[in-house]
Structures are given as structure tokens and as C-alpha cells.
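See below for the structure under consideration.
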């Protein structure tokens with residue numbers, strides 16, 4: 001079984017409740033990558049909706065998710081609570097909450113999300129933006145080249161094969177472009193091919209675009225909304241992330257993903273918090 | 001009292017439940033404008049959070065909302081259920097659900113949303129995109145010029161003063177630009193000035209951008225996420241809406257709003273459903 005699928009394993013505890021676990025293999029620093037938390041929540045919600053009426057049975061693809069991150073997820077057991085809101089002809093909509101036990105044993109909510117599932121089996125693309133022009137993966141900068149000190153604290157980077165376009169990787173050498181753009185290639189290191197759930201994970205797998213603005217601290221996601229527009233073909237994903245606006249200590253980060261066939265398959269916007277001033 | 005504030009009136013029924021009413025004055029066709037449904041939900045959630053701990057008291061501005069529209073809201077009474085999820089230092093997060101009675105008397109959920117409130121009292125803009133270059137409002141196309149047949153079915157247009165840049169209004173004369181862009185000026189007709197809640201309404205107040213792609217049917221919002229980035233100055237709002245992607249019968253619509261001082265004050269993306277094929 002591939003690493004991503006292992007991370008998505010759930011036990012049905014009945015009444016819409018599922019139990020799972022976060023492994024430190026998916027941690028960045030001490031926190032579990034938010035994309036993994038979302039993907040686990042979506043997996044539980046998808047299975048819950050499948051058990052519902054006939055229409056929902058066909059709604060196997062997550063089409064849109066909006067996730068609010070309230071506290072950082074940590075390695076260890078988690079509980080996932082799912083709820084059906086509406087099963088329609090085109091979409092089924094539900095709610096999901098990921099909960100872990102706090103230090104005092106009380107439940108602490110990590111993430112709550114609303115999401116709709118549909119069927120992306122036969123989707124034509126009428127309009128889309130062009131995929132970025134990227135050097136081939138072997139001429140891009142691999143995350144394996146990050147300083148060992150950084151890699152030791154980011155087990156997550158062992159799971160992914162991430163190749164940054166050198167034109168948008170100046171920040172890694174202390175020369176951010178200040179344009180607020182990053183682009184490159186992405187795949188899972190163990191060869192697991194993308195699917196619609198994995199795409200929503202992939203939308204949040206790049207380093208924060210704030211790095212390209214010279215803002216190097218952690219940029220926690222407050223809210224994330226992602227749309228899956230097509231099922232992806234196997235192979236490398238092309239990813240572009242960008243930001244136009246920084247107000248107070250909040251910025252948006254937009255992501256777009258094209259599959260190996262050049263189709264735009266997913267897009268997202270998140271609101272994240274950045275430290276623009278050094279803290280004392 | 002201004003029309004918008006009248007529409008936001010709520011009675012506290014205790015335990016996080018509020019009662020309100022949708023007036024047909026805000027209808028487009030038979031359905032109440034989604035922006036009004038969101039704004040009423042936000043108003044209730046804001047009041048609910050205010051009653052919570054000390055931090056939430058300062059969190060008077062909606063900063064981000066993600067709303068899922070499950071059924072169309074109709075004129076008449078509604079119930080709004082609010083729930084606090086987390087009161088943090090920077091943001092307070094909650095959930096809100098708008099419910100109306102269905103034809104058989106059973107409750108039908110219209111919209112469910114997650115949202116975070118914060119304080120936008122003193123926000124500096126470090127980066128933003130430039131406001132659009134627009135002809136002055138009196139050289140733009142007013143929605144008052146729409147065909148009487150259309151105006152009769154859209155009481156909503158009596159509430160708003162909407163002036164479209166003629167360069168992006170060709171669709172109104174059957175000549176859509178096919179670029180997927182619309183821009184213009186917006187304010188409430190009775191002089192009610194914008195605030196952070198009104199901005200989230202304003203993000204969904206323009207005609208569907210699908211019109212500029214020659215897709216003229218109703219384009220119901222499935223999911224809408226909006227960010228408020230600053231409190232707006234009084235006066236006209238400048239609005240740009242656009243779309244890059246149409247896959248199957250789903251498209252995204254992005255909106256950006258600048259205030260009279262030229263600050264980017266709000267942005268949104270919604271996923272909406274369009275009919276690309278004539279139906280039999």
C-alpha cells in the first residue's frame with residue numbers, strides 16, 4: 001500500500017464517526033501537514049456519503065471543500081465526525097470535523113470543513129488557463145537539496161518529490177523575487193498516482209508563497225477552499241502558487257494544478273497568517 | 001433605517017437561534033439573492049460571537065466566510081442557527097445555518113457556512129493589485145436600463161446602483177466579449193455606506209460573469225468563499241468579476257472590490273453551476 005493511502009486509513013465507528021491516525025511522517029515541524037488533515041476528513045466524508053441514498057453513491061469525487069483550521073494537528077490518533085447535509089442529483093454536501101485529544105484529555109477540534117462531492121467521470125474542459133512553461137523536472141530544484149537541518153524537521157519532504165522552477169526559487173538562496181509566485185512539478189515519491197482526493201492535498205503541498213516575498217516564518221492556513229475540476233491523468237502535476245494581496249498580517253495564496261495531459265484539474269485559495277514584523 | 005439594515009434584522013430566540021425574514025425586495029426571480037442570505041447569517045453569527053468570551057467581543061468584522069447553498073431561499077420567515085467553534089486571540093470562528101420551512105412544514109436548510117471574525121480597525125495594505133480603470137459612473141451602463149420585463153422580475157435591482165463599464169457590457173446587447181470579465185461601480189441605492197458585512201454581500205451582487213461568455217441562464221452559486229481585507233471607506237465600490245475555467249457545467253467566478261480610496265477591500269471565489277447546453 002502507498003504511503004498516502006496508509007495515511008487515509010479509517011475505521012468505521014458507526015453513526016458517522018471514524019477513527020484514524022496522523023503519522024509524524026507527514027509532519028512539518030511538529031504539526032501535521034494541513035493537506036493530509038483535509039484529505040483524511042474528505043476520505044471519511046466520502047465514505048459516509050456513499051452509505052447514503054442512491055444519488056450519493058455516484059458522487060465519488062470531492063468537487064469542493066472549505067476547511068477552517070482551528071488548532072495544529074499532531075501525530076497520533078484522531079476522530080473524524082461526518083454528517084450528510086444534502087444529497088442532490090448533481091452534488092452531495094456534508095460536513096466533517098477532525099478532533100484530537102488535548103493534553104488534559106478533552107477533545108480539541110483541529111479542522112472543520114464543508115464539502116460537496118460529485119461525479120467527474122466524464123468532464124470536458126471548455127475554457128482554462130494555460131499550464132506554466134517549466135524546465136523539465138531534472139532541470140528544476142529538488143526539495144532534496146534543502147539544508148539537512150531543514151529536512152530533519154520536515155518528514156513531509158520525504159514523502160513528496162517537489163521540483164521548483166529555478167526562476168521562482170531565488171528565496172531558497174535568500175533572494176526572493178518579491179513577485180509572490182512559485183511554480184514547479186509535484187508527485188508523491190513512492191509513485192502513488194494522483195486522484196481527485198490527492199489533488200486537494202497537493203494544492204497545499206508547496207512551501208508558503210510568502211517565502212517569495214521574503215517572509216520566511218511559518219504561514220499557518222486559517223481557511224482553505226479548493227475546487228477539483230477534472231480527474232487527473234497519471235504522472236507529474238504542474239503547480240503554480242501566487243499571492244497578490246498582503247493586508248495586516250493576512251495574505252491569500254492561490255494555487256492551480258495541471259495534470260500531465262495539460263488540463264487544469266484543481267485550484268484553490270487560502271487565507272493565511274504571516275508574521276511581517278520580527279517578534280521580540 | 002436603510003433597506004440593507006432592515007433586511008439584517010434578527011430576533012434573539014436564545015441558545016444561538018435567531019429569527020429573521022427575507023423580503024421579496026431582495027429577490028432575483030423567485031429566489032432571494034445569495035449575498036443577502038450570507039449577510040444575514042453573518043450578522044447572526046457576529047452577534048452570537050460577541051456574547052462569547054472577551055476576545056470575541058473585539059472580533060466585530062467578518063474576515064472570511066465559506067457558504068454552501070443547498071436550496072434556494074424564498075421570501076418569508078427564516079431561522080438562523082449559530083455555533084461558536086473557537087475564540088482565539090486573532091480570530092473567532094463559528095458556524096451558521098439558515099433554515100426555512102418547506103411546503104410540508106418540515107425545516108429545509110438553505111445555506112450552511114463557516115466563518116471567522118476578527119478586528120480590521122487598523123490594517124495596513126502592504127501589497128495589492130491596482131483598481132480597474134473605469135469610466136466615471138455617469139458614463140457607465142446603469143442597471144436601470146435593463147429591459148422592463150427583466151426589471152419586473154428582479155426587485156433586487158431596485159436596491160442597488162450598479163454601473164457597468166460599457167467595455168464589459170456587450171453581453172447586454174447580445175455581444176458577449178467571451179473574455180469572462182465584467183467590471184463596474186456598485187453602491188446601495190438608498191445611500192447606505194459599505195461596511196465589512198456589506199462587502200461580503202457586494203461580492204455576489206453583479207450579474208453572473210457567465211453572461212460575458214454568452215451563457216445567459218441562471219448560474220446558481222454552489223459554494224462561495226469571501227475574504228474581507230480592510231474596512232471600506234464610504235462611497236462607490238469598484239468591482240471586477242472574472243472567470244478562467246469552465247469544466248463540465250461548473251465554473252469559478254472571482255470577484256475583487258476596491259473602495260473609494262483605491263484599497264482592495266474584499267475578494268471572493270465562488271463555484272457556480274451553468275447550463276452550457278440548451279435543455280429540451
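In segment A:29-92, the inverse of the mean reciprocal separation of distinct Cα atoms equals 13.1 Å; this is its Kirkwood hydrodynamic radius.
For segment A:128-202, a/c is not less than 1.5, where a ≥ b ≥ c are the root eigenvalues of the C-alpha gyration tensor, and a/b does not top b/c. That puts it in the oblate class.
Fewest-first ordering of B:1, B:178 by other beta carbons within 10 Å of each residue's beta carbon gives B:1, B:178.
Among B:27, B:106, B:255, the residue with the largest mean-square fluctuation in a Gaussian network model of chain B, with springs joining Cα atoms closer than 10 Å, is B:106.
Taking every alpha-carbon pair in segment A:137-273 and binning the separations at 10 Å intervals from zero gives 13, 43, 37, 7, 0 percent. An ellipsoid equivalent to segment A:72-176, defined through the eigenvalues of its Cα gyration tensor, has semi-axes of 35, 28, 11 Å when rounded to whole angstrom and sorted largest first. In a GNM of chain B with a 10 Å cut-off on Cα contacts, which of B:159, B:110, B:127 has the highest mean-square fluctuation? Highest fluctuation of the listed residues: B:127. Ascending distances from the residue B:193 label point to its copies in the other chains, with the point 7 Å along the Cα-to-beta-carbon line: 5.9 nm.
Distances, shortest first, from the label point of residue B:235 to those at the same position in the other copies read 5.2 nm; the point lies 7 Å along Cα to C-beta.
Helix B:34-50 and the longest principal axis of the C-alpha atoms of chain B enclose an angle of approximately 20°.
Evaluated on segment A:170-236, the Kirkwood hydrodynamic radius is 13.7 Å, with distances taken between all distinct Cα atoms.
Compute the Rg to Rh ratio over the protein assembly as shown from the alpha carbon atoms, using the Kirkwood formula for Rh, and round to two decimal places.
Working: Rg = 22.7 Å, Rh = 24.0 Å.
For the protein assembly as shown, the value is 0.94.
A simple spin-label model places pseudo-atoms 7 Å from Cα toward Cβ; at residue B:124 and residue A:19 they are separated by 5.1 nm.
What is the mean projected area of the alpha carbon convex hull for segment A:3-118, to one decimal in square nanometres?
With the hull built on Cα positions only, its mean projection is 6.9 nm².
Kirkwood hydrodynamic radius of chain A, from the reciprocal of the average inverse Cα-Cα distance over all distinct pairs: 19.2 Å.
With label points set 7 Å from Cα along Cα→Cβ, the inter-copy distances at residue A:52 are 2.5 nm, sorted shortest first. Segment B:1-61 and segment A:31-89 have Cα centres spaced 28 Å apart. Highest mobility in the GNM of chain A, judged by mean-square fluctuation with C-alpha springs under 10 Å and restricted to A:138, A:25, A:165, is found for A:138. Across chain B, the relative contact order, built from alpha-carbon pairs under 8 Å that are at least six residues apart, equals 17 percent. Of the residues B:68, B:216, the one with the fewest other Cβ atoms within 10 Å heads the list, and the complete ranking is B:216, B:68.
Coordinate-derived values only; no laboratory data. Owing to the predicted nature of the structure, the values given are computational and were not obtained by experimental measurement. Positions of Cβ are backbone-derived with ideal geometry, glycine not excepted, and every protein chain shown enters the neighbour counts.
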